[in-house]
Structure formats: C-alpha cells, structure tokens
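A.B. asks: There's a structure below that I have some questions on.
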Amino acid sequence: MPVTTDIVATYRSPRTVMRRLLDAGRREDRALAILMGGCLLAFVGRWPALQRAATLGEEGPSFEAMMAGALFAWLFVAPLLFYLLAAISHLVARLFGGQGSYFGARLALFWSFLAAAPLLLLYGLVEGFVGPGPGLQAVGVLWLIAFGWFWFASLREAERTQA
C-alpha cells in the first residue's frame with residue numbers, strides 16, 4: 001500500500017497497519033527510509049517557525065544558520081536518538097513479557113513517528129503563523145497523544161509474537 005494510505009489507516013487502527021508492515025518481512029532499508037521520511041517531514045515542519053524567529057528576532061543567528069542547525073539535528077542527530085529510544089523500548093517491553101525483536105521495536109517507533117508527522121507539520125504552521133499560545137499548545141498535545149497512541153499500539157503488536 002502507498003505510505004499515505006497507511007498513514008491514514010494508522011489513525012483508525014495502528015495495530016493493523018503495524019501487523020501488515022511486520023508481515024512484509026525484516027527490511028532494515030525500509031525501516032530507515034520510514035525514519036528518514038519522518039525526520040524530513042519534521043525538518044520541513046520547522047521552516048515556518050524558523051522564518052518567524054528570523055524575521056521577528058532582533059539579533060541572533062540568521063535564517064540560513066538556523067536552517068542548517070535544524071537540518072543537522074533532524075537528519076543526523078535525531079535518527080541516532082530514535083535508534084537508541086527503540087532499543088530501550090524493546091528492553092522495557094521485554095521486562096513486561098514482550099517476545100518481539102529489536103527490529104519490531106524500531107519499526108514500531110519509526111512508523112509511529114512518520115504516521116504522526118502530519119500533525120507535526122500542522123504544529124510547525126501554527127508555530128510559524130500564529131506563534132506561542134493556546135493554539136500551539138493544543139496542536140502539540142494532539143500530536144503527543146497521537147504519537148503516543150500509535151507507538152504504544154504498534155509496539156504492543158510488534159512485541160506480541162516472536163519475530
């Protein structure tokens with residue numbers, strides 16, 4: 001299925017989509033592509049906020065410098081942190097009887113992040129055009145709830161059976 005169709009389906013049933021992804025076989029290249037896609041969307045979501053900060057800020061780094069920093073953070077540092085977080089989540093799941101693999105835990109986290117990325121894009125738009133306030137907080141909480149739900153359900157499915 002196309003990624004966009006799977007993202008929409010994740011909002012209805014994250015476990016079903018995760019089962020389909022796991023049944024497609026162990027493919028590290030696909031897992032990395034999913035992670036990098038999510039990180040790229042998160043980076044793009046930062047653009048309006050960075051432009052707002054550069055325009056409204058009296059002094060400080062230039063827009064280009066902030067973009068370079070965000071690019072480095074999202075495309076080089078964040079993936080390493082996601083791999084670490086996935087490994088920790090697998091170890092915690094093992095403590096609670098999980099029988100899955102590190103790959104399943106990685107795929108669950110990476111997919112959950114990509115599936116929640118449209119809300120990150122909305123967050124970036126609100127941050128860039130509206131700025132701080134209750135609207136930004138509401139979108140942030142909505143993203144956090146969606147990401148947490150996707151990750152919990154996906155990790156539960158990934159740890160359900162031996163992979």
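A.B. asks: Taking a label point 7 Å from the Cα of Gln99 along the Cα→Cβ vector, which residues of region 143-161 have an amide N closer than 20 Å to it?
C.D. replies: Residues 153-161 fall inside that zone.
A.B. asks: What size of dipole, in debye to the nearest 20, comes out for region 1-77 about its Cα centre when the only charges are +1 on Lys and Arg C-beta atoms and -1 on Asp and Glu C-beta atoms? Could you put the intermediate results ahead of the total?
C.D. replies: On the way: 9 positive and 7 negative charges, 122 e Å.
Dipole magnitude for region 1-77 comes out near 580 debye.
A.B. asks: How much mean residue ellipticity at 222 nm does the chain get from its helices, if each DSSP H run of length 4 or more adds -39500 (n - 2.57) and you divide by all residues, to the nearest 500 deg cm²/dmol? Before the final figure, lay out the partial values.
C.D. replies: Values: 8 runs with 129 residues, N = 163.
Taken over the chain, the calculation gives -26500 deg cm²/dmol.
A.B. asks: Once the piece of chain linking Val77 and Leu56 is laid out straight, how much longer is it, given 0.36 nm per residue of separation minus the C-alpha distance between them?
C.D. replies: Values: separation 21, 0.36 × 21 = 7.56 nm, distance 2.73 nm.
Length gained between Val77 and Leu56: 4.8 nm.
A.B. asks: Could you tell me which of rounded, prolate or oblate describes region 24-111, using a ≥ b ≥ c as the square roots of the eigenvalues of the alpha-carbon gyration tensor, with rounded for a/c under 1.5 and, failing that, prolate when a/b is larger than b/c and oblate otherwise? Don't skip to the answer; put the middle values down first.
C.D. replies: Numbers: a/c = 3.80, a/b = 2.56, b/c = 1.48.
Prolate.
A.B. asks: How far is helix 3-12 tilted off the main Cα axis of the chain, in degrees rounded to 10, range 0 to 90?
C.D. replies: It works out to around 80 degrees.
A.B. asks: Putting +1 on Lys and Arg Cβ atoms and -1 on Asp and Glu Cβ atoms, find which of Gly100, Ala116, Gly45 reaches farthest to the positive end of the dipole of the chain.
C.D. replies: Result: Gly100.
A.B. asks: Hey, what angle do you get for helix 134-158 against the long axis of the chain, alpha-carbon based, 0 to 90 degrees rounded to 10?
C.D. replies: 20 degrees
A.B. asks: Let me ask something additional. Roughly how many debye, to the nearest 20, is the charge dipole of the chain about its Cα centre, given +1 on each Lys and Arg Cβ, -1 on each Asp and Glu Cβ, and no other charges?
C.D. replies: Working: 13 positive and 10 negative charges, 152 e Å.
With only Lys, Arg, Asp and Glu charged at Cβ, the dipole is about 720 debye.
A.B. asks: Moving on. For the chain, what mean projected area does the convex hull of the alpha carbons give, in nm²? Numbers along the way, then the final one.
C.D. replies: On the way: hull surface 39.7 nm².
So the Cα hull casts an average projection of 9.9 nm².
A.B. asks: Need one word for region 1-48: rounded, prolate or oblate. Basis is the Cα gyration tensor (sqrt eigenvalues a ≥ b ≥ c); a/c below 1.5 gives rounded, then a/b vs b/c decides. Show your work: numbers first, answer last.
C.D. replies: Values: a/c = 2.99, a/b = 1.45, b/c = 2.07.
In terms of gyration-tensor shape, oblate.
No lab work stands behind these numbers, since they all come straight from the coordinates. Note that the coordinates shown come from a computational prediction; the quantities given were computed from them, not determined experimentally. No Cβ is skipped: glycine too gets one built from the backbone with ideal geometry, and neighbour counts run over all protein chains shown.
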